[in-house]
Amino acid sequence: GVLGLLNEQCEQIKPSEEKYIRDLVKAHKDNAFFPAVHRKDARECFAVQHFAGPVKYTVKGWLLKNSDPLPEAIPALFRKSDSALMQTLFDPSRQARRAQGPSVTGTAAAAS
């Protein structure tokens, strides 16, 4: 979808809004709810067919807005939460493990 592709583009080494539009158009080229936009707008816009008619979206600034970091106080606040889930999600050791990538333990290691 629109947001899934936006997230994928933000995770790229060199994300660009132009690449995002290309990926979006390619993924939805056969979808009647994603009509083509005029050629002059194709590098920065896409359209979605809504009930009332097509709506054109300009993606300028979307990558920057989508990659806004959390304010510094938020993770500390969630770590102090009464919710075990919030504490786990914002546990610094969990974040460090996630940054290291997948481990070789668990069912995948047992299968070999």
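Where a number appears in this text, it was derived from the coordinates with a stated rule and is not lab data. In this text the structure is predicted, and so the values were computed from the model without any measurement. Every residue, glycine among them, receives a Cβ derived from its backbone with ideal geometry; neighbour counts consider all protein chains shown.
Candidate cross-link partners of K80 among the lysines, defined by an alpha-carbon separation under 24 Å and a same-chain spacing of 8 or more, are absent.
In this structure, the pairs whose alpha-carbon distance is over 21 Å, taken from K29/K65; K14/K60; K19/K65; K26/K56, are K29/K65.
Other residues with beta-carbon under 14 Å from the beta-carbon of V25 carry, at +1 per Lys or Arg and -1 per Asp or Glu, a net charge of +1.
Based on the Cβ-Cβ distance from N31 to A52, what FRET efficiency comes out when R0 is 25 Å, to the nearest 0.05? It comes out at approximately 0.85. Taking θ as phi - 60° and the Karplus parameters 6.51, -1.76 and 1.60, the scalar couplings of region 23-32 work out to 5, 5, 5, 4, 5, 10, 4, 9, 8, 5 Hz in sequence order, x denoting glycine and proline. 3J(HN,Hα) couplings calculated from phi for region 40-55 with the Karplus curve 6.51 cos²θ - 1.76 cosθ + 1.60 (θ = phi - 60°) are, in sequence order, 5, 9, 5, 7, 9, 9, 9, 10, 10, 7, 9, 4, 7, x, x, 10 Hz; Gly and Pro show x.
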